[in-house]
Amino acid sequence: MGAKSKVLIIGGTGYLGKRLVKASLEQGHETYVLQRPEIGVDVEKIQMLLSFKKQGARLVIGSFNDHRSLVEALKQVDVVICAVSGVHIRSHQILLQLKLVDAIKEAGNIKRFLPSEFGTDPARMADAIEPGRVTFDDKMVVRKAIEDAGIPFTYVSANCFAGYMVGGLCQPGHILPAWESVTLYGDGNKKSIFVDEDDIAAYTIRTIDDPRTLNKTLYLRPPANILSQRELVEFWEKLIGKQLQKSSLSEQEFLNIMKEQGYAEQVGMTHYYHVFYHGCLTNFEINNEEEEASVLYPDIKYIKMEDYLKQYI
């Protein structure tokens, strides 16, 4: 093994980005974090950036609105990881990465680019319904730009973020588990995949110097966390020592409720629909041109969802 790559993380103050910074530092990478002038007077983000600096990260000024600043930032590193938000209830910035692709092409020194993906593999979502398919379509636009430019890449498909999904027992709009009742999607038995966000970051950073993941998609499928919604509920019931009252929501009932929501909520609910009614995360096998993180890195001791739920007691 040669020297570890220098890493630039864009979106480092975000939900996943801050975990990527932490994991990069912990794994011994010289870590740079883009400090965007657009942060303005967001004191919490400024303080977070300063805390990264105390931990050993280097802050570098750059903006999507300033091509030259991006190029100069990129010239200082080997690998770039982008974690800008693709969640409409926060902000949807996926296509901003096209400016980053242009900067990477000009800089000419980036050994690997990990764009903001981290959820469902967009390449497998060609049949997704509106309006949620916009997320997948935009990510595929970015992928095409990366590949057309000949930029080395790794795409990380991390499936369901535990904080969003497991905490609320997969109920949209809830991030804390219910103590009395829960609604199941159909029979609640479609398998999904849940991953702790710190584990997502750890796996992601491990991949950046691994030749086995170059120009491939890396799927995060920790075996113990391939679970149905019903199984998650049963874990929770075991922890609290009682049964929740369960109701079932049919596919059509779910779609009817979704249509009554605002646009951002509909986008998110579309993703729930494909995960929990169609099993889109588990209805395919990983092929020879793809990799699975827990197989490549068995030394990473990931958090099992049965244990993850204990924090809510």
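The values are calculated or read from the model by the stated rules, or taken from the named source; none is laboratory data. In this text the structure is predicted, and so the values were computed from the model without any measurement. In this analysis, Cβ positions are derived from the backbone assuming ideal geometry, glycine residues included, and neighbour counts consider all displayed protein chains. Please note that ligands, DNA and RNA were not included when accessible areas were found on the heavy atoms of the full protein model with its side chains. Shrake-Rupley method; radii C 1.70, N 1.55, O 1.52, S 1.80 Å.
The table that follows gives values for the structure above.
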read-out	value
Full-stretch length increase - Ser250, Gln27 - with 0.36 nm per residue and alpha-carbon distance subtracted	75.8 nm
Computed label-point distance, nm, for sites Asn189 and Leu98 using a 7 Å Cα→Cβ extension	4.5 nm
Three-way shape label, region 1-127, alpha-carbon gyration tensor, a/c 1.5	rounded
Inter-part distance where region 9-72 and region 266-291 are each reduced to a Cα centre, Å	31 Å
Loop-resident sites, region 1-104, for trypsin sites (Lys or Arg not before Pro), counting at most 15 other Cβ within 10 Å (DSSP)	Lys75, Arg90
Mean Cα-pair separation over length for the chain, i.e. relative contact order, pairs under 8 Å, 6 or more apart, %	17 percent
Accessible area in the full protein assembly, largest first, 1.4 Å probe, for Trp179, Trp236	Trp179, Trp236
Net length gained if the chain between Lys75 and Asn109 were fully extended (0.36 nm per residue, minus Cα distance)	11.6 nm
For Arg58, residues with placed amide H under 5 Å, excluding near neighbours	Thr31, Tyr32, Val33
Range in the chain, longest, excluding exposed GluC sites (Glu not before Pro) [loop by DSSP; at most 12 other beta-carbon atoms within 10 Å]	1-179
Label-to-label distance, nm, for residues given as Gln47 and Ala264 (7 Å Cα→Cβ offset)	2.3 nm
Mean Cα-pair separation over length for region 166-235, i.e. relative contact order, pairs under 8 Å, 6 or more apart, %	41 percent
In sequence order, calculated HN-Hα J values of region 152-157 (Karplus, 6.51, -1.76, 1.60; Hz; x Gly/Pro)	x, 9, 9, 9, 10, 9
Fraction of antiparallel bridges per DSSP, the chain only, in percent to nearest 5	15 percent
Neighbour-limited loop hits for trypsin sites (Lys or Arg not before Pro), region 192-243 (at most 11 other Cβ within 10 Å; DSSP other than H, G, I, E, B)	Lys242
Label point distance in nm, Lys242-Glu180, each placed 7 Å from Cα along Cα→Cβ	1.0 nm
Added length on full extension, which subtracts the Cα-Cα distance from 0.36 nm per residue, Ile226 to Glu289	20.5 nm
Accessible area of the chain divided out per residue, in Å², using a probe of 1.4 angstrom	45 Å²
The chain - percent of accessible surface contributed by carbon and sulfur, probe 1.4 Å	51 percent
Spatial separation of Cα centroids for region 124-158 and region 188-250, in angstrom	22 Å
